[in-house]
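The values are calculated or read from the model by the stated rules, or taken from the named source; none is laboratory data. The structure displayed is predicted, hence computed values, not measured ones. Every residue, glycine among them, receives a Cβ derived from its backbone with ideal geometry; neighbour counts consider all protein chains shown. Surface accessibility is based on the protein's heavy atoms, side chains included, excluding ligands, DNA and RNA. Shrake-Rupley method; radii C 1.70, N 1.55, O 1.52, S 1.80 Å.
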Amino acid sequence: MNIQQALKKAATELNLFNIPSASLDAEVLLLEALNRNVVRNDNEKLDKNWLYAHNNHKLTEKEEELFNNFIDQRKKHKPVAYIINRKEFFGYEFYVNENVLIPRPETELIVEEVLKIITGVNSLEHKNYSLIDIGTGSGCILISILNELRKNKKNDLIKQSIAIDISKKAIEIATINAKRYSLENNIKFINKDFKKELDQKLFSSSNHFVITANLPYITDNNYEKLDKNVKDYEPKIALTSGTQGLDDIKNMLYLISKISIKINQKIYLLIEADPDQINVIKEYLKKHFKDTKIAIINDLSGKKRLVIVSLFT
Ligand SMILES: C[S@@+](CC[C@H](N)C(=O)[O-])C[C@H]1O[C@@H](n2cnc3c(N)ncnc32)[C@H](O)[C@@H]1O
């Protein structure tokens, strides 16, 4: 079978199994099958254009077997990122498997806004930030922030970085990703429920804290209606948070409100949520926090997605 035939066959099969992005997925999975098995000495990166320029290239038996295996997994609605074990986020590649949420493009907003706070005009003082990533999953948020700061030679603005996740397997994957970018010694990984970890002790080490939280926020009801590729494969603990989808976010805010009255540190808090939850979160903040500045940031589709809270005690 050559490339053209393989792509056509796979796209037809995926369409039959109601995979919405059948042709694109077939291309990505074929590139993966070829990349892994062809010994390439020209360092040429295989891409979509390469595929179409080599329509008649014959697949080896091994390549065909691997490709068929990938397509069979995709037919069962397994997300492509879990089949190829990686996902790009903020221009960086992250190892992922079914133990962590696949990083979503809208979450890149958190990284952008944190970088603005730490390096931009919004910054109060350019030093001594502690970063705490709650529900780190693959580590994509924290690792992207640290990568960007290092790229711009601003990593000395960070005093310490902490990644918390209740899932042991997620922490293992975040550690793999940190190692990949030589950041394993820059991040303290904590495998705990954030409710047990968010206390005054955590806030004793520096003056400025930036807390990022992409915690689960899907309601129990909506969880049942999720697409097969999410519901059957992504970890439930990364997705749901009670009847309103707000249990984790509210618990976190409550704990931070208690801590913030006892300490004298400046805290920026960046919370991703569903557009329908943003106003509820805003009301909750007004009720539980004094002297806060709240900003709402829209995602690329114009939906309210991120709440930034500035707490200056
Ligand atoms: C929506 S995922 C986000 C993962 C990653 N930050 C991202 O943006 O792709 C939420 C993460 O929170 C973790 N989590 C859920 N409940 C938690 C808790 N009580 N304490 C700490 N982590 C929790 C899950 O294991 C999961 O990795």
Item to check | So Lys250, is it under 30 Å from Asp25 (Cα atoms), open to solvent by 40 Å² or more (accessible area, probe 1.4 Å), at pLDDT 95 or above and of a type outside the set (Phe, Trp, Tyr) | outcome: no
Item to check | Breaking point among (1) in a loop (DSSP other than H, G, I, E, B); (2) more than 30 Å from Leu31 (Cβ to Cβ); (3) not acidic (Asp, Glu), for Lys78 | outcome: (2)
Checklist entry - If you take the residues in segment 291-313 that are among the charged types (D, E, K, R) and touching a residue at least 24 places away in the same chain (Cβ under 8 Å), which one is surrounded by the most Cβ atoms within 10 Å (Cβ to Cβ)? => result Arg305
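This table checks each residue for (1) surrounded by fewer than 21 Cβ atoms within 10 Å (Cβ to Cβ); (2) more than 23 Å from Ile249 (Cβ to Cβ); (3) away from the ligand (no atom under 16 Å from the Cβ).
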{"site": "Lys48", "(1), (2), (3)": "yes, yes, yes"}
{"site": "Ile84", "(1), (2), (3)": "yes, yes, yes"}
{"site": "Phe89", "(1), (2), (3)": "no, no, no"}
{"site": "Glu93", "(1), (2), (3)": "yes, yes, no"}
{"site": "Asn97", "(1), (2), (3)": "yes, yes, no"}
{"site": "Pro105", "(1), (2), (3)": "yes, no, no"}
{"site": "Asn128", "(1), (2), (3)": "yes, yes, yes"}
Checklist entry - Given the residues Asn222, Asn251, Asn279, which is the only one that is more than 21 Å from Ile141 (Cβ to Cβ) and within 16 Å of the ligand (Cβ to nearest atom)? => result Asn222
Checklist entry - Before we move on, is Asp156 over 11 Å from the mean Cα position of the chain (by Cα), within 22 Å of Glu27 (Cα to Cα), without any contact (Cβ under 8 Å) to a residue 60 or more places away in the chain and outside any loop (DSSP other than H, G, I, E, B)? => result no
Next on the checklist: Condition first: over 14 Å from Asn35 (Cα atoms) and not polar (S, T, N, Q). Now tell me which residues in segment 59-82 satisfy that.
Outcome noted: Glu61, Ile71, Asp72, Arg74, Lys75, Lys76, His77, Lys78, Pro79, Val80, Ala81, Tyr82
Checklist outcome for this item: Scanning segment 258-289 residue by residue, those under 23 Å from Tyr129 (Cβ atoms) and either outside the structural domain of Thr136 (by TED's automatic domain parsing) or open to solvent by 80 Å² or more (accessible area, probe 1.4 Å) (or both) turn out to be Lys258, Ile261, Lys262, Asn264
Item to check | First in segment 192-204 and under 14 Å from Thr136 (Cα atoms), second anywhere and near the ligand (Cβ under 8 Å from one of its atoms) and assigned to a helix (DSSP H, G or I), Cβ under 9 Å, 6 or more apart | outcome: Phe194/Asp248; Phe194/Asn251
Next on the checklist: With out of contact with any helix residue (DSSP H, G or I) (no Cβ under 7 Å at 6 or more places or on another chain), of a type outside the set (Gly, Ala, Ser) and open to solvent by 30 Å² or more (accessible area, probe 1.4 Å) as the only criterion, which of Lys179, Lys195 stands out?
Outcome noted: Lys179
Checklist entry - Within segment 181-194, is even one residue over 28 Å from Lys266 (Cα atoms) and away from the ligand (no atom under 11 Å from the Cβ)? => result yes
Checklist entry - Is it fair to say Thr240 is crowded, with 16+ Cβ neighbours inside 10 Å and in contact with a Pro (Cβ under 8 Å, 6 or more places away or on another chain)? => result yes
